[in-house]
Amino acid sequence: MEKIILHLDMDAFFASVEQRDNPALRGKPVAVVGSKSRTVVVTSSYEARALGVRTGMNKFQAKKACPQIIFVEASHEKYTAICSQIVDILYSFSPDVEVSSIDESFVDITGTSSLFGSPLEIGKKIKINILKELGLSCSVGIGPNRLIAKLASSHDKPDGLLWIKKERVGETLKDLPVEELCGIGKSTKQALNSMGIYTCSQLALAPPRILKAKFGVIASTLINMGKGEDDSFVTPFGYQEQAKSIGHSMTFERDITAPGDISTRILQLADMVSRRMRREKLSGNIITIVIRYNDFHTFTRQKKIQEQTDDAQKIYMSASAIIGKIKLEKPVRLLGVSASGLVKKQKELYLFEQDSKRDNINKALDAVSARFGQQALTFAALKSGQKLDKVISPAWRPFGARKY
């Protein structure tokens, strides 16, 4: 049976949610930003995009491009909750749903026509259900594989619905610039252009030997992309590869230099990392810190510890030991802490009573947090600290270790 993949892409997701919830914003140029003074545009409405506002601009740049821009503080808890509702709608059409980011998902609808109609009818029903239940528009692309489905959704936005059938893939790709394909970024585009390859058809016909000399092992993948071929599967939750690391970072309102301030932020980040690890019953033995100076120079350092842990204090002590060996040359703009070397935590028999007590304390802490919120019970040193400006990373998922 020929595979049929559907790709859903929410239209200007965060900005559309804010316009939905505040009628005064509808039809206006809106930019969604973080809560801090140091922040960038996370996304913008189509009205703002038409006037030159782009994701990643700081407020000054956005205001310069569009003097009438309206800045709206992001509400990430709201966005993640809506994402979960969208996924529930998708599950009503197929069990094979892969959430690729907070506003994009792939759905394998192969063999579902007897239940829901043709691929176009399924796409239309999904769009209608999302609009009816959530008041939001989305674009849907359908194709014989993930690559083409993603291309289809991006070529008919906003509020689009496009099915590129297998027999039309060659025609669609013939004169299409290579950078239109998902997975070919700026540097790859430039490298291909330097070889005289500008369109997908040129890429499909490129000599493998020459491409391999330039790109190595991915040369064959690039050629297949030029042909519109992609043998990757939609991977539902539960079948996806386990997260390799769990981490958090924070950018500060003002640059920090004082050791006490740095120590407090490291503790806060260690606490957040450990809670997620315990929720997923994971432990790690490699602790990594990320430091970004006020000139944006960024570097990482890591330390392997003797035993697996999911304890905030142990993560904090390891991260602090790393920091202690670094001579900070400039004020710090951002700090990050992560744990890797993850394994599923097994039931432990403790050699020392203090370890057993700490494990029981963590269980009690997690139970209180689950009922009353993460800040209901925490370290005293964090009570007066900076509130974390939550940012949804591309790795966020509505399930498992990547949910936070």
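Rule-based calculations on the coordinates, nothing more; no lab input. Every value quoted in this text rests on a predicted model; they were computed, and no experiment measured them. All Cβ positions, even for glycine, are placed from backbone atoms using ideal geometry, and neighbour counts span all protein chains on display.
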Long-range amide H partners of residue 290, meaning residues 5 or more apart or on another chain whose placed amide H is closer than 5 Å, are 336, 337
Phi-based couplings in Hz for the stretch 73-84 (Karplus 6.51, -1.76, 1.60; Gly and Pro marked x) = 6, 5, 10, 5, 4, 5, 5, 5, 5, 5, 4, 4
How large is the dipole of the stretch 177-260 about the Cα centre if only Lys and Arg carry +1 and Asp and Glu carry -1, each at its Cβ, rounded to the nearest 20 debye?
-> 380 debye
Net charge near residue 338, counting Lys/Arg +1 and Asp/Glu -1 over other residues with Cβ under 11 Å of its Cβ?
-> +2
5 Å binning of all Cα-Cα separations within the stretch 1-164, expressed as whole percents from 0 upward = 2, 9, 18, 20, 17, 13, 10, 6, 3, 1, 0
With x for Gly and Pro, the residue-by-residue ³J(HN,Hα) of the stretch 128-145, computed from phi through the Karplus equation 6.51 cos²θ - 1.76 cosθ + 1.60 at θ = phi - 60° and given in whole Hz, is 5, 5, 5, 5, 5, 7, 10, x, 10, 9, 8, 10, 10, x, 10, x, x, 7
Distance check, please: which entries in 124/244; 127/165; 150/281; 314/344 exceed 29 angstrom between their Cα atoms?
-> 124/244; 150/281
Let me know the charge dipole size of the stretch 89-203 about its Cα centre in debye, to the nearest 20, where only the beta-carbon of Lys, Arg (+1) and Asp, Glu (-1) is charged.
-> 140 debye
Residues meeting the amide H criterion for residue 199 (H placed from the backbone, H to H distance under 5 Å, 5 or more places apart or on another chain) are 178
HN-Hα J in Hz across the stretch 334-342 - Karplus 6.51, -1.76, 1.60, θ = phi - 60°, x for Gly and Pro = 9, 10, x, 9, 9, 10, 9, x, 6
